[in-house]
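Asker: Can you keep this structure in mind? I'll have questions shortly.
The values are calculated or read from the model by the stated rules, or taken from the named source; none is laboratory data. Given the structure is predicted, the values throughout are model-derived calculations rather than measurements. No Cβ is skipped: glycine too gets one built from the backbone with ideal geometry, and neighbour counts run over all protein chains shown. When the accessible area is computed, the model is the full protein with side chains, heavy atoms only, and any ligands, DNA or RNA have been set aside. Shrake-Rupley method; radii C 1.70, N 1.55, O 1.52, S 1.80 Å.
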Amino acid sequence: MAKIAVLGHGVVGSGTVEVLLKSKQSLEKKAGQELEVKYILDLRDFPDSPYKDKFVKNFDVILNDPEVKVVVEVIGGINPSYEYVKSSLLAGKSVVTSNKELVAVKGAELLKIAHENNVNFFFEASVGGGIPIIRPLHQCLSADKIIGIAGILNGTTNYILTKMIRDNMAFGDALAIAQKLGYAERDPSADIEGADACRKICILASLAFGKHVYPESVHTEGITKVTAEDVEYCENFGGSIKLIGWAQRQDNGKIAIMVCPAFIREESQLAGVNDVFNAILVCGDTTGDVVFYGKGAGKLPTASAVVADVVIAAKLNSSSNTLYWEDSENQDFVEKKENIVCGHYIRLSGVTKAQAEQVFGSVKYLVRANAPEGEIAFTTEPISEKECADKLEQLGGELMGNIRILDY
């Protein structure tokens, strides 16, 4: 029998317990043994809960119980989650988490501790909610050399951009609807400023390329500066604006990685991903492009991914030898932002087309209905971030939009 402790009884924690109890028989068949939720850790009281007898408020009760084989951490954040997870692994208990911030910041250290103690640290639910991506990367695609990963990794921002595109909404109006529907938090900054997507692409890149990529090494932009005018120009370009987290091997051996709004051409497999759906495109040297698609969040999809990890953790008697990456305090393998090369969409006023061509060379102009006199918009050839910034400074005028163009 595998006894389980669940740390946290919020949306994902309650969903995890619900799935474990509701599907108990089928899960036990897959695990090859009985599965029992022995403890649920939460500081709050749940007197009306059907499993109120399982609640504890002291983590040490779980840590010091040798019967607990698997600990599920769904509290979120770094503190106290990090100490709880680390202590559990050191005590010989496998840990399953949906905590993307914890994995993005402490993943290499916790994976090393898990291996040293012959247990597992699983985090399928940390990226993509119910979309399977972590296990496919380290198992199914293990024969491939991963060339690049690009994804729509945040459902909130994708919903907002979808409303802006379909309904010609301003950003603020679309955000208000997302909040009203519960897709966006009261404080939506982690989503709309790109931090959530940054943590997820760090996890994917660390796993794909074998070295820990820290969030502070990743240039991150959100969608707060995207305007309805940019959406119109993107339609003329023949594409959609998406918030993309992406990482790509460079010819010099470094990894270019960024989170940013981007023009994506309509023929891209990512262009048609709308509303709260997520999609992750993985390019391997032998498989080519593989896309993983589905709802990237939500109580039961995320809980499903957590429980799948619990079943595998219960079955295994040793540490996974494929789920691992090296720590790397030195981030020299991450390409500097100023050296990253891609095309750009530029919108500005106060300059002429002749001046734009003189500075940027070959450009393609975009048009929109009712554009004010003096406004121009164009796309550039691929250039480095530094070169683009230098040319914009040289050109002058009022910059109103600068969005990257990605070919995925």
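Asker: Pull out all pairs, ordered by first then second residue, where Cβ-Cβ is under 8 Å, the residues are six or more apart or on different chains, the first lies in region 311-327 and is closer than 17 Å to SER142 by Cα, and the second is of a type in the set (Gly, Ala, Ser) and surrounded by fewer than 18 Cβ atoms within 10 Å (Cβ to Cβ).
Answerer: Pairs that qualify, where the first residue is closer than 17 Å to SER142 by Cα and the partner is of a type in the set (Gly, Ala, Ser) and surrounded by fewer than 18 Cβ atoms within 10 Å (Cβ to Cβ), are THR322/SER142; TRP325/GLY210; GLU326/GLY210.
Asker: Being without any contact (Cβ under 8 Å) to a residue 40 or more places away in the chain, more than 27 Å from ALA104 (Cα to Cα) and assigned to a helix (DSSP H, G or I) is the filter; apply it to region 167-183 and report the residue that is farthest from the chain's Cα centre (by Cα).
Answerer: ASP167
Asker: Does region 372-382 contain at least one residue that is small (Gly, Ala, Ser), assigned to a strand (DSSP E or B) and either open to solvent by 30 Å² or more (accessible area, probe 1.4 Å) or modelled with pLDDT of 95 or more (or both)?
Answerer: Filtering region 372-382 down to residues small (Gly, Ala, Ser) leaves 374, 377.
So of that shortlist, the ones also assigned to a strand (DSSP E or B) come out as 377.
From what is left, the residues that are either open to solvent by 30 Å² or more (accessible area, probe 1.4 Å) or modelled with pLDDT of 95 or more (or both) are 377.
Checked against the condition, which is being small (Gly, Ala, Ser), assigned to a strand (DSSP E or B) and either open to solvent by 30 Å² or more (accessible area, probe 1.4 Å) or modelled with pLDDT of 95 or more (or both), region 372-382 yields at least one hit.
Asker: Continuing with the same structure: Among the listed residues GLY194, GLY172, identify the single one that is surrounded by 15 or more Cβ atoms within 10 Å (Cβ to Cβ), modelled with pLDDT of 95 or more and either β-branched (Val, Ile, Thr) or out of contact with any Pro (no Cβ under 7 Å at 6 or more places or on another chain) (or both). Steps first, answer last, please.
Answerer: Details: GLY172 fails: surrounded by 15 or more Cβ atoms within 10 Å (Cβ to Cβ).
Residue meeting the stated conditions: GLY194.
Asker: While we're here: May I ask you to list the residues in region 100-132 that are over 20 Å from LYS315 (Cα atoms), at pLDDT 95 or above and assigned to a loop (DSSP other than H, G, I, E, B)?
Answerer: Across region 100-132, the qualifying residue is only VAL127.
Asker: So, one more: Out of region 386-408, which residues are outside any strand (DSSP E or B) and without any contact (Cβ under 8 Å) to a residue 60 or more places away in the chain? Outline the logic, then answer.
Answerer: Going through region 386-408, the residues outside any strand (DSSP E or B) turn out to be 386-397, 407-408.
LYS386, GLU387, CYS388, ALA389, ASP390, LYS391, LEU392, GLU393, GLN394, LEU395, GLY396, GLY397, listed by residue number.
Asker: Applying the selection to region 82-97, what residues are open to solvent by 20 Å² or more (accessible area, probe 1.4 Å) and either in contact (Cβ under 8 Å) with a residue 60 or more places away in the chain or within 21 Å of VAL17 (Cα to Cα) (or both)? Before the answer, list the steps.
Answerer: Just the residues of region 82-97 that are open to solvent by 20 Å² or more (accessible area, probe 1.4 Å), to begin with: 82-84, 86-87, 90-92.
Once the filter is applied, which keeps residues that are open to solvent by 20 Å² or more (accessible area, probe 1.4 Å) and either in contact (Cβ under 8 Å) with a residue 60 or more places away in the chain or within 21 Å of VAL17 (Cα to Cα) (or both), region 82-97 yields only TYR84.
Asker: Moving on to the next point. Inside region 1-76, counting only strands (runs of 3 or more DSSP E) that do not spill past its ends, which hold 2 or more residues that are touching a Lys or Arg at 6+ places or on another chain (Cβ under 6 Å), open to solvent by less than 60 Å² (accessible area, probe 1.4 Å) and in contact (Cβ under 8 Å) with a residue 60 or more places away in the chain?
Answerer: The qualifying strands (runs of 3 or more DSSP E) are 2-7, 68-73.
Asker: If I filter region 311-363 down to residues being open to solvent by 60 Å² or more (accessible area, probe 1.4 Å), of a type in the set (A, V, I, L, M) and not in a loop (DSSP other than H, G, I, E, B), which single residue comes out as farthest from ASP251 (Cα to Cα)?
Answerer: The extreme case among them is ALA354.
Asker: Is it the case, given these coordinates, that ALA308 is surrounded by 21 or more Cβ atoms within 10 Å (Cβ to Cβ) and small (Gly, Ala, Ser)?
Answerer: No, not satisfied.
Asker: Might you let me know whether region 184-206 holds any residue that is in a loop (DSSP other than H, G, I, E, B) and among the hydrophobic types (A, V, I, L, M, F, W, C)?
Answerer: Going through region 184-206, the residues in a loop (DSSP other than H, G, I, E, B) turn out to be 184-188, 193-194.
With among the hydrophobic types (A, V, I, L, M, F, W, C) added as a condition, the list becomes 184.
Yes, region 184-206 contains at least one residue that is in a loop (DSSP other than H, G, I, E, B) and among the hydrophobic types (A, V, I, L, M, F, W, C).
Asker: Tell me, yes or no, whether region 135-153 has at least one residue that is part of a helix (DSSP H, G or I), modelled with pLDDT of 95 or more and open to solvent by 20 Å² or more (accessible area, probe 1.4 Å).
Answerer: Here is the first cut: in region 135-153, the residues part of a helix (DSSP H, G or I) are 135-140.
Then keep just the ones that are modelled with pLDDT of 95 or more; that gives none.
No, region 135-153 has no match at all.
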